[in-house]
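Inspection log for the structure reproduced underneath, given as structure tokens.
Nothing in this text is a laboratory measurement; each read-out follows from the coordinates by a stated rule. In this text, all values refer to a predicted model and were calculated from it rather than measured experimentally. Because the Cβ atoms are built from the backbone with ideal geometry, glycine has one as well, and the counts that use them run over all protein chains shown.
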Amino acid sequence: MLKKGFHCAVGIFVFFFISPTASLAKNEARLSDIIVTNTRDDLLAYFNVRDCFTEEMNNAIMNGISTKFIFIVKLYEVRNAWFDRKIADIKLTHTIEYNSLKNEFNLSLPEQNNKEVKTKDFDEAKKLMADVVALEVARLDELKRGLIYQLRMKAELDKIELPFYLNYVFFFLSLWDFETDWYSVIFRY
């Protein structure tokens, strides 16, 4: 699969990508634009979730309902003769809340040093909500050169729990629950 003499400048080479075919259906939430790279010290992941905002979800956000996307990222050392060794298990939550008095969206993006973002542009807010940027998955000193690793990731909408009497009014909220399939990137360090 790899040609003899090939050298990777950044130390990480992605040689296999599994993309579930079930997620290719139109208007079904899915991960895309997955990049695995590194800095001098850390393994980083970049990705985003596509087709996750429905009209019902947009309306709920505009009505002030706080919405959370949960991103789950796991890193394993692949071992043939034994169970894979888990190196990282990350659960990341992006939050969006609309403040109608100020006409702005407040977002929390923890992978960016717990960055709090305020914007008046709903399209920009949705893009920020769906993008995971420079997530530090593991320190490179936890990885061993020449071994194969698997990075698994998925996204889901945090289930909104309303008081019982509001469940009848907001029954439509169950219509915009989503959960992507697991996506995997296998690479040699």
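Each residue in region 47-75 was checked for being of a type outside the set (G, A, S) and more than 17 Å from the chain's Cα centre (by Cα), and 10 pass.
Cβ-Cβ contacts under 8 Å between residues 6 or more apart (or on different chains), taken from a first residue in region 69-81 that is without any contact (Cβ under 8 Å) to a residue 60 or more places away in the chain to a second residue that is of a type in the set (D, E, K, R) and surrounded by fewer than 19 Cβ atoms within 10 Å (Cβ to Cβ), are listed as R79/R85.
For region 94-141: of the residues being small (G, A, S) and surrounded by fewer than 16 Cβ atoms within 10 Å (Cβ to Cβ), which is nearest to K154 (Cα to Cα)?
So in region 94-141, the residues small (G, A, S) come out as 100, 108, 125, 130, 134, 138.
Cutting the leftovers down to surrounded by fewer than 16 Cβ atoms within 10 Å (Cβ to Cβ) gives us 100, 134.
Working: S100: 31, A134: 16 Å.
Per the criteria, the residue is A134.
Return a yes/no flag: does region 41-53 have any residue that is β-branched (V, I, T), outside any loop (DSSP other than H, G, I, E, B), surrounded by fewer than 16 Cβ atoms within 10 Å (Cβ to Cβ) and touching a residue at least 24 places away in the same chain (Cβ under 8 Å). Scanning region 41-53, I find no residue that is β-branched (V, I, T), outside any loop (DSSP other than H, G, I, E, B), surrounded by fewer than 16 Cβ atoms within 10 Å (Cβ to Cβ) and touching a residue at least 24 places away in the same chain (Cβ under 8 Å), so the answer is no. Does D84 qualify as being over 24 Å from L44 (Cβ atoms), surrounded by fewer than 17 Cβ atoms within 10 Å (Cβ to Cβ) and among the charged types (D, E, K, R)? No. Mind checking whether some residue in region 73-81 is out of contact with any helix residue (DSSP H, G or I) (no Cβ under 9 Å at 6 or more places or on another chain), of a type in the set (V, I, T) and within 30 Å of Y189 (Cα to Cα)? Checked against the condition, which is being out of contact with any helix residue (DSSP H, G or I) (no Cβ under 9 Å at 6 or more places or on another chain), of a type in the set (V, I, T) and within 30 Å of Y189 (Cα to Cα), region 73-81 yields at least one hit.
Do you know which of the residues in region 60-101 that are in a strand (DSSP E or B) and among the polar types (S, T, N, Q) is farthest from I148 (Cα to Cα)? Break it down into steps so the answer makes sense when it comes.
We begin by selecting, within region 60-101, every residue in a strand (DSSP E or B); these are 67-77, 85-99.
From what is left, the residues that are among the polar types (S, T, N, Q) are 67, 93, 95, 99.
On the way: T67: 36, T93: 28, T95: 34, N99: 46 Å.
Among residues in region 60-101 that are in a strand (DSSP E or B) and among the polar types (S, T, N, Q), the one farthest from I148 (Cα to Cα) is N99.
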